[in-house]
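Below are the structure tokens for one structure; questions will follow.
Just so it is clear, none of the values below were taken in a lab; they were calculated from the coordinates. Quick caveat: nothing in here was measured; it's all calculated off a predicted structure. Heads up, the Cβs are rebuilt from the backbone with ideal geometry, glycines too, and the neighbour counts pull from every protein chain shown.
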Amino acid sequence: MKLSIQARNMSVTPAITKRIEKKTETMGKYLWPETEMQVKMRKEKNELRVVEITVPMGKNVILRSESADENLFLAIDKALAKMERQIRKHRTKLGKNLREEIPDVPEYIEEDQGEEEGGRKVVKQKTFPVRPMSVEDAAIEMELLGHSFFAFVNIDTEQTNVLYLRKDGDLGLLEPEA
């Protein structure tokens, strides 16, 4: 596993690097050797330390965890614990095919563009690969990513659908109509 550590508004000390490396050693058994784990840390104005971890896990899967705490080491521990749970869950539920073949790292592009649309600005544009999947698989992917919505190609209808988390905690599905 390849580890990338970045920090904003703070410095990465050897103690921080050692802590992250020690905590990620156990995750290595769940990941391919060429998998890259990105750890981004930042100090907020309210003295919170935010740790964000991103791991591409194969063709259309990116796992992400985030934690914030006043103590940087607690924030690191919490974010890594979340990530380890997600990796284990992904490998047991969705990873049967990944054990047989080496996963491809998903290609996605993030561009900060200031295009205007109806008074509001598009401040971020993201391109991501989609693959056909069932609604149940899409719900699992959405949960693993920690997002409130997920766009996917429905394997039954072969149309792009959006699965979203409703305020009452249930899921909603948007299906296009011609």
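Report the calculated FRET efficiency for Asp69 and Glu158 (r = Cβ-Cβ distance, R0 = 45 Å), to the nearest 0.05.
Efficiency computed from Cβ-Cβ geometry: 0.50.
What's the local net charge at Ala68, with K and R +1, D and E -1, over the other residues with C-beta under 15 Å away?
Residues close to Ala68 contribute a combined charge of +2.
Fully extended, how many nm does the chain gain between Ser134 and Asp170 (0.36 nm per residue separation, minus their Cα-Cα distance)?
Once the chain is fully extended between Ser134 and Asp170, it gains 11.2 nm.
Which links in Lys89/Lys121; Lys45/Lys124; Lys121/Lys167 stretch past 28 Å when you go from one Cα to the other?
Lys89/Lys121
On to the next question. With r defined as the distance between the Cβ atoms of Thr92 and Glu177 and R0 fixed at 35 Å, what FRET efficiency is calculated, to the nearest 0.05?
After rounding, the FRET efficiency stands at 0.45.
Now, a different point. Fewest Cβ neighbours within 10 Å first, please rank Leu72, Leu174 accordingly.
Leu174, Leu72
Separate question: For the range 2-100, just run the numbers: alpha carbon Rg, then divide by 2.2 N^0.38 Å, N being how many residues it has.
1.09
Taking the Cα-to-Cβ direction at Glu143 and at Arg8 and moving 7 Å from each Cα, how far apart do the two end points lie in nm?
3.1 nm
While we're here: Counting each pair of different Cα atoms once, what's the Kirkwood radius of the range 130-178 in Å, rounded to one decimal?
The Cα-based Kirkwood calculation yields 10.8 Å.
What is the sum of charges, Lys and Arg at +1 and Asp and Glu at -1, for the other residues whose Cβ falls under 9 Å from the Cβ of Arg8?
Residues close to Arg8 contribute a combined charge of +3.
Note down the net charge around Met142, summing +1 for each Lys or Arg and -1 for each Asp or Glu among other residues with Cβ under 12 Å from its Cβ.
Residues close to Met142 contribute a combined charge of -3.
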